[in-house]
Amino acid sequence: MQKILLSLCLCLFGTAGIAQNPTLDSLERLFQTATGDAQRLQWLEQMTNIAIGTDLKAALGYAKRGLQLAEAAGDKTWQPKFCEMQGRMHANHLQLDSAMLFFDRAMTGYTAIGDKKGQATTTFKQAWVYKKRNQLSQATEADLRALRLMEAIRDQEGIADALSRVAEDLYLQERAEDGLQYALRSIEIAERNGLQGQWVYSMRTAGFIQFKLRQPEQALRYFDQALAKAKTLDFTPIELARLLNDRGNALKHLQRYPEALETYRECLQIAEKQQIDMAISATSANLGEVYLRMGRYADALPYLLKAIELMERNGDFYNLEENYRHISKTYEHLGNFQSALFFERKSRQVNDSTLNAVSDAKMSELRTQYETEKKEATIAAQASQLSQQRMLQWLSFGIAALLGLLAFNFRRNAIARKKANALLAAKNQENELLLKEIHHRVKNNLEVVSSLLALQSAQIDDQGIKDAMQEGQNRVQSIGIVHQKLYQRDKLAAIEMKDYFLNLSESVLDSFGADDRVSIECAMDQLDVDIDTAVPLGLIVNELLTNTLKYAFPDGRKGKVRIKLEKNPAGMLHLEVADDGVGKSGLTHGTGFGGQLVALLTRQLSGTMREEVKNGTTVIFDFNLKKAA
């Protein structure tokens, strides 16, 4: 496979019988007899770490118990640790949304107590999730941020780990020569400090990069050395399976196919015993490719079908395009030209969605920025007041143009969606995939816009302008979440609003750094709403949440926000956004633009709005969707 599956950030582990582990049984007895919460939390941490190598489900159970106990005890040190553990196990099962939710909670907790090591390890895991989602610019940014954290605390193992991950990022950017230099630096640090486990991972990364440099013999030497060292250490079976898979890849590229098949079968046996979908799909894909190269097409077909089934089911797009091409060739040789054409088209659709020149440019800029920071001892002088004023003028013009472009694109996309929806009932599965791809591309484009706003904001000193830029980012993000939800679910014509509001709330809280003192409750049942209604509703709630966080809870005050959305049989939507703050969070405060935007969107949905100030502020809307349509 040209894109070798890299998973240095999170170790994959399997599921064996927990009841047969005497160490865990002994620790469980110690936990039951422990007299204090601190000791119980330590036992739960040990049980989680041991169970990760034998029973992922049991490990998740221990981590949940640990988090519940830490929260009940009010222990701020242990809470983020167990959040990080839970996220790690969700990630191993490719439950990426759940994983990122727990990683975000862990990051908030580590930041609150000033634990930079915890922040760095969690950032590594967030970067891994970004890579699985093919969001490479976010992954690069996260890995470089983690590297800076490790350098700040002079953690040599962490620095070596981070260098290895940045090497992987450069490899994914088609910058293999640069990536190899980072990998060799990581190997050197690991050797100098006796970090044998990290040395294995760094050697593995160097082996991947040798593939990119078309040197499979050198790659095989790296993998063989890493595998030999891992067998002398306390590596779990699934970690050894990953190294076997690497060795099989090298043998495959050297056209030593019988040896490759034998190595892959050994790897697949471990993966199936441990019941890890990602390992099964990667190894099955490799077996299918070897049989394809050998001309044994009937033997290749079931392995490729199995790999694609698991990748599609789990949302693992990392090597999906390549496997679509492999199965298309297999069907072509078997004479099934209709299936061959179908998978060739799917391959092109996936490939098109990954070609994003702006993201590639941003990744290169991030890496260059890091190298510059390492070489320069001082920061350049700040721009003069005249330059700042000129920047403000250009920025104002840029924001106005950006909003106009967004409005135009939104209108154009709305027309395109209506036409697509009208044809959807008469079209086949290929059209459904195409519509999902449209939403995926729109979401990616909005992420690029958000990233550009963030980059521009970083160059500005005026806090008022930075706040306006942040609010603009939040508005773009609220629209992007809608398109993300659409391409992730089977029902393409509607958004499930409770889940959408939860994601939107988390995003706004994170942008204000208020998720540790303000909680948001969605007091509503599951409710599907069409996209042309969901986008204005999301923007309205975004503005209300922004005003609430800015004015309702001054001086670090804690509070709660309640979002309620109902739909009656007559087609009326009733929306309430209430807070228990100081009573100054309504639309009469904050930026005039936000209030005008809410009023405009309310009229667009043929709605009415009123505000009540009593024990906080409640803003109430009633929308006549039939009239709006």
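Rule-based calculations on the coordinates, nothing more; no lab input. Computed from a predicted structure; not experimentally measured. Ideal geometry is used to build each Cβ from the backbone, glycine not excepted, and the neighbour counts take in all protein chains shown.
Summing +1 for each Lys or Arg and -1 for each Asp or Glu among the other residues whose beta-carbon sits under 9 angstrom from that of ALA70 gives -1. Cβ-to-Cβ counts within 10 Å put ASP532, ASP169, ASP55 in ascending order as ASP532, ASP55, ASP169, the fewest first. Sorted on the mean count of surrounding Cβ atoms within 10 Å across their residues, most packed first, peptides 257-265, 499-507, 76-84 read 76-84, 499-507, 257-265. Looking at the stretch 491-555, the trypsin sites (Lys or Arg not before Pro) that sit in a DSSP loop and have at most 11 other Cβ atoms within 10 Å of their own Cβ are LYS491. Please state the shape class of the stretch 9-149: rounded when a/c is under 1.5, otherwise prolate if a/b exceeds b/c and oblate if not, all from the C-alpha gyration tensor. In terms of gyration-tensor shape, oblate. Taking a ≥ b ≥ c as the square roots of the Cα gyration tensor eigenvalues, with a/c under 1.5 meaning rounded and otherwise prolate when a/b beats b/c, else oblate, which class fits the stretch 222-317? Oblate is the answer for the stretch 222-317, as a/c is 1.5 or above yet b/c matches or exceeds a/b. Full extension of the segment from GLU191 to THR608, taken as 0.36 nm per residue of separation minus the current Cα-Cα distance, would add 143.3 nm. Among the listed pairs LYS346/LYS564; LYS81/LYS550; LYS81/LYS229; LYS57/LYS550; LYS57/LYS567, those with a Cα-Cα distance over 32 Å are LYS346/LYS564; LYS57/LYS550; LYS57/LYS567. Each Lys and Arg adds +1 at its Cβ and each Asp and Glu adds -1 at its Cβ; summed about the Cα centre, the stretch 155-234 shows a dipole of about 240 debye.
What separates the Cα centres of the stretch 218-273 and the stretch 114-163 is a distance of 27 Å. Is the shape of the stretch 494-629 rounded, prolate or oblate, going by the alpha carbon gyration tensor and its root eigenvalues a ≥ b ≥ c, with a/c under 1.5 for rounded and a/b larger than b/c for prolate? Prolate is the answer for the stretch 494-629, as a/c is 1.5 or above and a/b outweighs b/c.
Once both labels are modelled 7 Å past Cα along the beta-carbon direction, what's the LYS117-GLN463 spacing in nm? So the label points at LYS117 and GLN463 sit 3.5 nm apart. Give the residue from LEU213, GLN255, GLN225 lying farthest towards the positive end of the charge dipole for the stretch 211-265; charges sit on Cβ (+1 for Lys and Arg, -1 for Asp and Glu) and the dipole is referred to the Cα centre. Farthest along the dipole direction, towards plus: LEU213.
When each of the peptides 96-109, 333-346 is scored by the mean number of other C-beta atoms lying within 10 Å of its residues, the order from highest to lowest reads 96-109, 333-346.
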